[in-house]
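Below is one structure, written out as C-alpha coordinates; comments come after it.
The values are calculated or read from the model by the stated rules, or taken from the named source; none is laboratory data. Every value quoted in this text rests on a predicted model; they were computed, and no experiment measured them. All Cβ positions, glycine included, derive from the backbone under ideal geometry; neighbour counts span all protein chains shown. For the accessible areas, the whole protein counts, side chains as well, though only heavy atoms, and no ligand, DNA or RNA atoms are used. Shrake-Rupley method; radii C 1.70, N 1.55, O 1.52, S 1.80 Å.
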Amino acid sequence: MIDPADRLREALRARGLEWTAPIEHHVRLGSTSDRLKEMAREGAPPWAAVLADEQTGGRGRQGRAWASPPGGLYLSVLLRPRFASLSLVPLAAGVAVVEALREHGVTAELKWPNDVVAAGRKLAGILAEAASSSSGLEWVMLGLGVNLVTPEEAFPEALRAATTSVLALTGGRLEPVRAAAAVLTRLTVWYHALHADSPSVLRAWRAHAVPWWGRRVELRSGGAVVRGIAEGVDASGALLLLLEDGSRKAVLSGEVTTVRLETSGGR
Ligand code: BTN
(Lines give C-alpha, C1' and ligand atoms only; values in the text may rest on other atoms or scores of the structure.)
Protein backbone atom coordinates (compact mmCIF):
# COMPACT_ATOMS: atom_id res chain seq x y z
CA MET A 1 0.00 0.00 0.00
CA ILE A 2 1.31 3.46 -0.87
CA ASP A 3 2.13 5.56 2.17
CA PRO A 4 -0.55 8.27 2.63
CA ALA A 5 2.21 10.91 2.86
CA ASP A 6 3.36 9.90 -0.64
CA ARG A 7 -0.23 9.87 -1.88
CA LEU A 8 -0.69 13.36 -0.50
CA ARG A 9 2.49 14.56 -2.21
CA GLU A 10 1.25 12.98 -5.45
CA ALA A 11 -2.20 14.58 -5.09
CA LEU A 12 -0.53 17.96 -4.55
CA ARG A 13 1.67 17.42 -7.60
CA ALA A 14 -1.45 16.67 -9.65
CA ARG A 15 -2.69 20.10 -8.55
CA GLY A 16 0.53 21.73 -9.70
CA LEU A 17 2.19 21.96 -6.28
CA GLU A 18 5.62 20.42 -5.75
CA TRP A 19 5.65 19.88 -1.96
CA THR A 20 9.30 19.90 -0.94
CA ALA A 21 8.72 20.14 2.83
CA PRO A 22 8.47 16.96 4.92
CA ILE A 23 5.08 15.28 5.30
CA GLU A 24 4.70 12.72 8.08
CA HIS A 25 1.80 10.32 8.24
CA HIS A 26 0.81 8.41 11.39
CA VAL A 27 -1.87 5.78 11.71
CA ARG A 28 -2.49 6.79 15.31
CA LEU A 29 -1.07 9.76 17.14
CA GLY A 30 -1.79 11.82 20.25
CA SER A 31 -2.03 15.06 18.31
CA THR A 32 -0.65 16.06 14.90
CA SER A 33 0.01 19.54 16.31
CA ASP A 34 2.05 18.15 19.22
CA ARG A 35 4.15 16.08 16.82
CA LEU A 36 4.63 19.03 14.47
CA LYS A 37 5.69 21.19 17.41
CA GLU A 38 8.52 18.74 18.09
CA MET A 39 9.51 18.94 14.43
CA ALA A 40 9.38 22.76 14.55
CA ARG A 41 11.72 22.81 17.56
CA GLU A 42 14.10 20.53 15.64
CA GLY A 43 14.13 23.08 12.81
CA ALA A 44 11.53 21.72 10.37
CA PRO A 45 11.07 24.01 7.36
CA PRO A 46 7.92 25.96 6.55
CA TRP A 47 5.09 23.87 5.13
CA ALA A 48 6.19 20.74 7.01
CA ALA A 49 3.00 18.81 7.69
CA VAL A 50 1.75 15.97 9.87
CA LEU A 51 -1.27 13.87 8.98
CA ALA A 52 -2.90 11.22 11.18
CA ASP A 53 -5.68 8.70 10.55
CA GLU A 54 -6.71 8.97 14.18
CA GLN A 55 -5.76 11.12 17.17
CA THR A 56 -5.96 9.95 20.76
CA GLY A 57 -5.38 13.40 22.28
CA GLY A 58 -6.74 15.79 19.66
CA ARG A 59 -6.79 19.36 20.96
CA GLY A 60 -9.36 22.04 20.14
CA ARG A 61 -9.58 25.74 20.86
CA GLN A 62 -10.11 27.07 24.39
CA GLY A 63 -8.46 23.96 25.88
CA ARG A 64 -11.17 21.61 24.62
CA ALA A 65 -10.61 18.09 23.31
CA TRP A 66 -11.15 17.39 19.61
CA ALA A 67 -12.83 14.03 18.95
CA SER A 68 -10.61 12.37 16.32
CA PRO A 69 -11.82 8.88 15.35
CA PRO A 70 -10.61 7.27 12.07
CA GLY A 71 -12.04 8.73 8.86
CA GLY A 72 -11.64 12.42 9.67
CA LEU A 73 -8.98 14.83 8.50
CA TYR A 74 -6.38 15.60 11.15
CA LEU A 75 -3.66 17.74 9.66
CA SER A 76 -1.13 20.20 11.06
CA VAL A 77 1.04 22.48 8.97
CA LEU A 78 3.97 24.66 9.95
CA LEU A 79 4.42 28.23 8.76
CA ARG A 80 7.27 30.63 9.36
CA PRO A 81 5.68 33.94 8.35
CA ARG A 82 7.83 36.98 7.70
CA PHE A 83 5.05 39.48 7.08
CA ALA A 84 3.08 41.91 9.21
CA SER A 85 -0.46 40.61 8.75
CA LEU A 86 0.06 37.70 11.16
CA SER A 87 -3.29 38.05 12.90
CA LEU A 88 -4.94 37.22 9.57
CA VAL A 89 -3.28 33.79 9.24
CA PRO A 90 -6.09 31.96 11.13
CA LEU A 91 -8.72 33.73 8.99
CA ALA A 92 -6.86 32.81 5.79
CA ALA A 93 -6.85 29.18 6.97
CA GLY A 94 -10.61 29.32 7.48
CA VAL A 95 -11.10 30.57 3.92
CA ALA A 96 -8.85 27.76 2.63
CA VAL A 97 -10.92 25.09 4.43
CA VAL A 98 -14.25 26.49 3.21
CA GLU A 99 -12.99 26.62 -0.37
CA ALA A 100 -11.56 23.10 -0.17
CA LEU A 101 -14.90 21.81 1.07
CA ARG A 102 -16.75 23.66 -1.66
CA GLU A 103 -14.69 21.71 -4.25
CA HIS A 104 -16.33 18.63 -2.79
CA GLY A 105 -19.87 19.92 -2.87
CA VAL A 106 -20.10 21.23 0.69
CA THR A 107 -21.32 24.75 1.34
CA ALA A 108 -19.85 25.90 4.64
CA GLU A 109 -19.52 29.24 6.40
CA LEU A 110 -17.04 30.80 8.79
CA LYS A 111 -17.99 31.76 12.30
CA TRP A 112 -15.44 34.25 13.62
CA PRO A 113 -12.57 33.67 13.77
CA ASN A 114 -12.44 30.36 11.89
CA ASP A 115 -15.03 27.85 13.01
CA VAL A 116 -16.29 26.11 9.90
CA VAL A 117 -20.03 25.53 10.13
CA ALA A 118 -22.61 24.07 7.76
CA ALA A 119 -26.34 24.22 8.31
CA GLY A 120 -25.54 25.89 11.65
CA ARG A 121 -23.47 22.94 12.88
CA LYS A 122 -19.73 22.64 13.35
CA LEU A 123 -17.99 20.81 10.53
CA ALA A 124 -14.33 21.73 10.97
CA GLY A 125 -12.07 23.59 13.34
CA ILE A 126 -8.70 25.29 13.18
CA LEU A 127 -6.29 25.63 16.05
CA ALA A 128 -3.63 28.27 15.42
CA GLU A 129 -0.63 28.25 17.74
CA ALA A 130 2.56 30.28 17.62
CA ALA A 131 5.96 30.41 19.28
CA SER A 132 8.43 33.26 19.51
CA SER A 133 11.93 33.70 20.85
CA SER A 134 14.07 36.74 21.64
CA SER A 135 14.66 37.11 17.90
CA GLY A 136 10.94 37.30 17.16
CA LEU A 137 8.29 34.95 15.85
CA GLU A 138 9.63 31.42 15.34
CA TRP A 139 6.61 29.70 13.84
CA VAL A 140 2.87 29.58 13.47
CA MET A 141 1.21 26.21 13.36
CA LEU A 142 -2.24 25.48 11.97
CA GLY A 143 -3.99 22.37 13.23
CA LEU A 144 -6.92 21.54 10.97
CA GLY A 145 -9.64 19.08 11.86
CA VAL A 146 -12.46 18.29 9.41
CA ASN A 147 -15.25 15.99 10.35
CA LEU A 148 -15.55 13.91 7.20
CA VAL A 149 -17.53 10.88 8.36
CA THR A 150 -17.91 10.88 12.14
CA PRO A 151 -21.48 10.09 13.19
CA GLU A 152 -23.12 12.31 15.80
CA GLU A 153 -22.98 9.50 18.40
CA ALA A 154 -19.17 9.67 18.44
CA PHE A 155 -19.27 13.15 19.92
CA PRO A 156 -19.82 13.97 23.58
CA GLU A 157 -23.59 14.23 24.17
CA ALA A 158 -23.48 17.97 24.76
CA LEU A 159 -22.00 18.53 21.29
CA ARG A 160 -24.14 16.15 19.22
CA ALA A 161 -26.81 18.56 18.04
CA ALA A 162 -24.09 21.07 17.20
CA THR A 163 -21.94 18.89 14.97
CA THR A 164 -22.10 17.60 11.40
CA SER A 165 -19.91 15.82 8.85
CA VAL A 166 -19.27 15.86 5.11
CA LEU A 167 -20.96 12.45 4.93
CA ALA A 168 -24.07 13.70 6.74
CA LEU A 169 -24.25 16.77 4.50
CA THR A 170 -23.56 15.20 1.10
CA GLY A 171 -24.12 11.46 1.54
CA GLY A 172 -20.63 11.02 0.07
CA ARG A 173 -17.31 10.00 1.54
CA LEU A 174 -14.36 12.32 1.13
CA GLU A 175 -11.09 10.53 1.66
CA PRO A 176 -8.77 12.33 4.16
CA VAL A 177 -5.79 12.49 1.75
CA ARG A 178 -7.96 14.12 -0.95
CA ALA A 179 -9.33 16.54 1.63
CA ALA A 180 -5.77 17.33 2.82
CA ALA A 181 -4.63 18.02 -0.76
CA ALA A 182 -7.52 20.42 -1.32
CA VAL A 183 -6.97 22.23 1.99
CA LEU A 184 -3.20 22.59 1.51
CA THR A 185 -3.64 23.84 -2.06
CA ARG A 186 -6.08 26.56 -1.01
CA LEU A 187 -3.91 27.39 2.03
CA THR A 188 -0.88 28.12 -0.16
CA VAL A 189 -3.04 30.47 -2.26
CA TRP A 190 -4.35 32.45 0.71
CA TYR A 191 -1.06 32.42 2.59
CA HIS A 192 0.66 34.03 -0.37
CA ALA A 193 -2.21 36.51 -0.63
CA LEU A 194 -1.34 37.63 2.92
CA HIS A 195 2.03 38.84 1.58
CA ALA A 196 0.77 40.29 -1.64
CA ASP A 197 -2.68 41.72 -0.87
CA SER A 198 -3.88 41.13 2.69
CA PRO A 199 -7.20 43.04 2.19
CA SER A 200 -8.14 40.35 -0.36
CA VAL A 201 -7.98 37.78 2.46
CA LEU A 202 -10.38 39.83 4.53
CA ARG A 203 -12.72 40.25 1.59
CA ALA A 204 -12.73 36.49 1.03
CA TRP A 205 -13.27 35.87 4.75
CA ARG A 206 -16.23 38.29 4.81
CA ALA A 207 -17.73 36.66 1.73
CA HIS A 208 -17.77 33.30 3.57
CA ALA A 209 -18.72 34.60 7.02
CA VAL A 210 -21.97 33.70 8.77
CA PRO A 211 -24.02 36.84 8.10
CA TRP A 212 -24.79 37.81 11.66
CA TRP A 213 -23.65 41.43 11.52
CA GLY A 214 -25.98 43.66 13.48
CA ARG A 215 -26.99 40.79 15.77
CA ARG A 216 -26.48 40.46 19.51
CA VAL A 217 -23.65 38.10 20.35
CA GLU A 218 -21.87 36.80 23.39
CA LEU A 219 -18.10 36.46 23.32
CA ARG A 220 -16.31 34.15 25.75
CA SER A 221 -12.58 34.49 26.11
CA GLY A 222 -10.86 32.75 28.99
CA GLY A 223 -13.25 33.30 31.89
CA ALA A 224 -14.61 36.59 30.60
CA VAL A 225 -17.95 37.09 28.85
CA VAL A 226 -18.71 40.17 26.75
CA ARG A 227 -22.06 40.91 25.15
CA GLY A 228 -22.63 43.28 22.29
CA ILE A 229 -23.70 43.74 18.72
CA ALA A 230 -21.35 42.20 16.15
CA GLU A 231 -20.47 44.98 13.74
CA GLY A 232 -17.82 43.39 11.60
CA VAL A 233 -14.14 42.54 11.43
CA ASP A 234 -11.37 45.15 11.24
CA ALA A 235 -8.20 45.12 9.11
CA SER A 236 -6.36 43.01 11.71
CA GLY A 237 -9.10 40.37 11.77
CA ALA A 238 -10.39 41.50 15.19
CA LEU A 239 -14.13 41.20 15.83
CA LEU A 240 -15.75 44.60 16.37
CA LEU A 241 -18.40 44.74 19.05
CA LEU A 242 -20.72 47.58 19.96
CA LEU A 243 -21.17 47.21 23.71
CA GLU A 244 -24.27 47.99 25.75
CA ASP A 245 -22.73 51.23 27.09
CA GLY A 246 -22.26 52.49 23.51
CA SER A 247 -18.49 51.94 23.46
CA ARG A 248 -16.75 49.79 20.89
CA LYS A 249 -14.38 46.91 21.50
CA ALA A 250 -12.11 45.02 19.09
CA VAL A 251 -11.39 41.46 20.21
CA LEU A 252 -8.72 39.19 18.76
CA SER A 253 -9.71 35.84 20.24
CA GLY A 254 -12.64 34.08 21.81
CA GLU A 255 -15.72 32.02 21.13
CA VAL A 256 -18.81 33.78 19.79
CA THR A 257 -22.42 32.70 19.97
CA THR A 258 -25.51 34.60 18.93
CA VAL A 259 -27.90 35.60 21.70
CA ARG A 260 -31.67 35.52 21.36
CA LEU A 261 -33.44 38.62 22.53
CA GLU A 262 -35.23 37.83 25.77
CA THR A 263 -38.93 38.72 25.74
CA SER A 264 -40.43 39.77 29.05
CA GLY A 265 -43.65 37.97 30.05
CA GLY A 266 -46.51 37.05 27.69
CA ARG A 267 -46.20 34.78 24.69
C1 BTN B 1 -11.41 23.88 17.29
O2 BTN B 1 -11.58 23.70 18.49
O3 BTN B 1 -12.29 24.37 16.58
C4 BTN B 1 -10.08 23.54 16.64
C5 BTN B 1 -9.91 22.07 16.42
C6 BTN B 1 -8.59 21.72 15.80
C7 BTN B 1 -8.39 20.22 15.67
C8 BTN B 1 -7.17 19.87 14.88
S9 BTN B 1 -7.13 18.19 14.37
C10 BTN B 1 -5.49 18.38 13.84
C11 BTN B 1 -4.78 19.22 14.87
N12 BTN B 1 -4.31 18.40 15.97
C13 BTN B 1 -4.90 18.69 17.11
O14 BTN B 1 -4.67 18.14 18.20
N15 BTN B 1 -5.79 19.66 16.93
C16 BTN B 1 -5.84 20.12 15.56
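In straight Cα distance, which aspartates and glutamates are under 14 Å from Lys37, not counting same-chain residues fewer than 8 positions off?
Glu24, Glu129, Glu138
Between Arg248 and Ser200, how many nm apart are label points set 7 Å from Cα along the C-beta direction?
2.7
How much length is gained if the chain between Ala161 and Thr258 is pulled fully straight, taking 0.36 nm per residue apart and subtracting their Cα-Cα distance, in nm to one decimal? Please report the intermediate quantities before stating the final value.
Working: separation 97, 0.36 × 97 = 34.92 nm, distance 1.61 nm.
Computed gain between Ala161 and Thr258 is 33.3 nm.
Can you give the local net charge around Lys111? Use residues other than it whose beta-carbon is closer than 10 angstrom to its beta-carbon, Lys and Arg +1, Asp and Glu -1. Don't skip to the answer; put the middle values down first.
Values: positive: Lys122; negative: Glu109, Asp115, Glu255.
Local net charge: -2.
What number, rounded to the nearest 500 deg cm²/dmol, is the helix-based mean residue ellipticity at 222 nm of the chain, given -39500 (n - 2.57) per DSSP H run of at least four residues and division by all its residues? Provide the component values of the computation, followed by the final result.
Values: 6 runs with 73 residues, N = 267.
The helix contribution divided over the chain gives -8500 deg cm²/dmol.
Under a 1.4 Å probe, what is the accessible area of the range 1-157 per residue, stated in Å²? It would help to have the intermediate numbers written out before the result.
Numbers: 6660 Å² over 157 residues.
Accessible surface, normalised per residue, equals 42 Å².
Which angle from 0 to 90°, rounded to the nearest 10, does the C-alpha axis of helix 32-41 make with the longest principal axis of the chain?
Result, in degrees: 70.
Give the cross-link partners of Lys122 among the lysines, using a straight C-alpha distance below 21 Å as the criterion and excluding same-chain residues fewer than 8 apart.
Straight-line reach from Lys122, under 21 Å: Lys111.
Quick check: the distance between the Cα centres of the range 59-123 and the range 163-225, to the nearest angstrom?
5
Residue by residue through the range 194-207, what is 3J(HN,Hα) from phi via Karplus (6.51 cos²θ - 1.76 cosθ + 1.60, θ = phi - 60°)? Round to whole Hz and write x for glycine and proline.
Once θ is set to phi - 60°, the couplings for the range 194-207 become 5, 6, 7, 7, 4, x, 5, 5, 5, 4, 5, 4, 4, 5 Hz.
Can you give the net charge of the other residues whose Cβ lies under 13 Å from the Cβ of Pro199, counting K and R as +1 and D and E as -1?
Numbers: positive: Arg203, Arg206; negative: Asp197, Asp234.
The answer is 0.
Take Ser68, Ser236 and sort them by solvent-accessible surface of the protein heavy atoms, 1.4 Å probe, largest at the top.
Values: Ser68 10, Ser236 45 Å².
Largest accessible area first, the list is Ser236, Ser68.
So for the range 1-79, what percent of the C-alpha to C-alpha distances run longer than 20 Å? Walk me through the intermediate numbers first.
Working: 1022 of 3081 pairs.
Tail of the P(r) past 20 Å holds 33 percent of the pairs.
With all protein chains present, how much of the accessible area of the chain (probe radius 1.4 Å) comes from carbon and sulfur, to the nearest whole percent? Let's see the in-between values first.
On the way: 6630 of 12720 Å².
Carbon and sulfur together cover 52 percent of it.
If I model a spin label at Ser236 and Thr188 as a point 7 Å from the Cα along the Cα→Cβ vector, what separation in nanometres do I get?
3.2
Over all distinct Cα pairs, what is the inverse of the mean 1/r for the chain, reported as the Kirkwood hydrodynamic radius in Å? All intermediate terms of the calculation are to be shown ahead of the outcome.
Working: mean 1/r = 0.0522 Å⁻¹.
Its Kirkwood hydrodynamic radius stands at 19.2 Å.
Helix 4-14 versus the longest principal axis of the chain: what is the Cα-based angle in degrees, 0 to 90, to the nearest 10?
Once rounded, the angle reads 80 degrees.
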